[in-house]
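*Asks:* I'd like to ask some things about the structure below.
The values are calculated or read from the model by the stated rules, or taken from the named source; none is laboratory data. Worth saying up front: this structure is predicted, and the values here are computed from it rather than measured. With ideal geometry, Cβ positions are generated from the backbone for all residues, glycine too; neighbour counts draw on all protein chains shown.
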Amino acid sequence: MKKLLAIVVLGFLWSGNAFIDDNRYNDYKSKLSSASTDQKFAIIKEISFALEFENDVISSCVSYIKMWKETKGEMCEKAFNRLKGIMNLREIMVSSEYKSSFIEISKKIDKFKLNQLMNETEKNSSSLNENLSKLSFLIKNL
């Protein structure tokens, strides 16, 4: 399932309609507000995958800068164009809609599945934050 989602997301990226979308991920708050418990679980899994995906984009830029000592490459251009969307995603993670959705699904789903989702989301979020810090450091010190 992850591979299929990754292929779909990459297809959108290659088609060019997702590169400079400042509203990327903004609809998650409203989706969480009106979704059923099962839908909320699926949306939170999607948010976790989005964190992982954005981390890969930023990580590629960090690697590119470390190798070539410049930010003008295609990998960094993609990363910079996605920064507003990444900030939207990070805002969702601290929103009341996200927190209340997590609380709601915690009461209704298997604890193992919930712990797995929480661990995955936390890992993806911390990796993204770490790579954003690295990117910031590299840009300041080029």
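*Asks:* Tell me, please, whether a residue that is surrounded by 17 or more Cβ atoms within 10 Å (Cβ to Cβ), of a type in the set (Ser, Thr, Tyr) and either modelled with pLDDT of 95 or more or more than 15 Å from the chain's Cα centre (by Cα) (or both) can be found in region 82-95.
*Replies:* No, the conditions are met nowhere in region 82-95.
*Asks:* Counting only residues that are surrounded by fewer than 17 Cβ atoms within 10 Å (Cβ to Cβ) and among the hydroxyl-bearing types (Ser, Thr, Tyr), which one in region 118-142 is nearest to LYS40 (Cα to Cα)?
*Replies:* This residue is SER126.
*Asks:* Also, I was wondering about something else. Going through region 96-117 one residue at a time, which ones are among the aliphatic types (A, V, I, L, M) and over 17 Å from the mean Cα position of the chain (by Cα)?
*Replies:* Scanning region 96-117 gives ILE103, ILE105, ILE109, LEU114.
*Asks:* While we're looking at this one, here's another question. For region 56-80, which positions are crowded, with 16+ Cβ neighbours inside 10 Å and in contact (Cβ under 8 Å) with a residue 40 or more places away in the chain?
*Replies:* ILE58, SER59, CYS61, VAL62, ILE65, THR71, LYS78, ALA79
*Asks:* Restricting to region 96-117, name every residue that is surrounded by 15 or more Cβ atoms within 10 Å (Cβ to Cβ), among the aliphatic types (A, V, I, L, M) and assigned to a helix (DSSP H, G or I).
*Replies:* The answer is ILE105, LEU114, LEU117.
*Asks:* Can you tell me which residues in region 86-128 are of a type in the set (Ser, Thr, Tyr) and either more than 15 Å from SER33 (Cα to Cα) or touching a Cys at 6+ places or on another chain (Cβ under 6 Å) (or both)?
*Replies:* Within region 86-128, SER106, THR121, SER125, SER126, SER127 meet the criteria.
*Asks:* Determine which single condition ILE47 fails, assuming it passes every other condition in (1) β-branched (Val, Ile, Thr); (2) in contact (Cβ under 8 Å) with a residue 40 or more places away in the chain; (3) farther than 22 Å from ASP22 by Cα.
*Replies:* Single failed check for ILE47: (3).
*Asks:* Still on this structure: Working only within region 46-75, note down all residues that are at pLDDT 95 or above, more than 16 Å from THR121 (Cα to Cα) and under 17 Å from the mean Cα position of the chain (by Cα).
*Replies:* Passing the criteria: VAL57, ILE58, SER59, SER60, CYS61, VAL62.
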